[in-house]
Every structure is written in C-alpha cells, then in structure tokens.
Amino acid sequence: MSNTLAIDDSFYRLTSSERYDQVLQLIKKSQSIWALADAEGCLIIDLGTDKVLPIWPTEALASGWGEKDHEGFKGLEISATDWSKKWLPGMQNDKFSVGVAPNLAGECIVSSAEEHAADLQK
C-alpha cells in the first residue's frame, strides 16, 4: 500500500469539519488544492440553491472522487495564491460556494466563497 493511499484512506475517516480544517491549514501553508475539470471548465455541482465547486487537498482524492459519477474530468491544480487572490474573488462575484473535500458519499462542509476567504484569514 502506498503512502498516498494511506493518507487518502485516513483523510476520509475524518469528519467533514476536520477535513475542512485540514484543507484550510494546507492552503495557509501555501499548498496547492485540486478541483476537477474537463475541456469545458471546472466541475460545478448544482444543489438547487447553491452552485458548488468541490476542492480536495490532493490530485488522487479529487480524481478518485470524480471517477464514480464524472467521467472525463481530471484533477486541476490551483496554487494557494491563485485560490486566494483569483478564484475566491471570482467565485464571490459569481455567487459560487466551495465544497471542501467531499467524501465518496458527497458529504462535506459547503461555505460561500466569502466565508471560505474569511476562514483562511483566521
């Protein structure tokens, strides 16, 4: 078993709140995050009242999550700087939310781009 798989397995054993906090810490340490994208753009999940961009701390987690229901999507690396300075302001303008590290059942903390940006400043 590779270290990546062990990290992935243990990561999904965390609660949604613990996964959210861990991803925030990684972004604060300037680590990249990962979204899913295809030729047409990033995967956005429409929840009716919210349009959510799911993100993960590793490419393996993002790709593994997307394999089940989102064929053709591949991991898209987003630097911590780009996330904070470009993506979140753009998502605020577009009224998109952030879904941080959904597990395979789709459970995660969903916050507005504004809330997520504020959490990164704490």
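Here are the numbers for the structure shown:
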quantity: If the convex hull is drawn through the Cα atoms of the range 12-64, its volume per residue in Å³; calculated: 107
quantity: Mean separation of Cα contacts under 8 Å (6+ apart) over length of the range 3-121, as relative contact order %; calculated: 29
quantity: Convex hull of Cα atoms in the chain, direction-averaged projection (nm²); calculated: 7.5
quantity: Partners for LYS28 among aspartates and glutamates (Cα-Cα distance below 13 Å; same-chain residues under 8 apart left out); calculated: ASP82, ASP119
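Each value in this text was obtained by applying a stated rule to the coordinates, not by laboratory testing. A quick note: this is a predicted structure, and the numbers were derived from the prediction, not measured.
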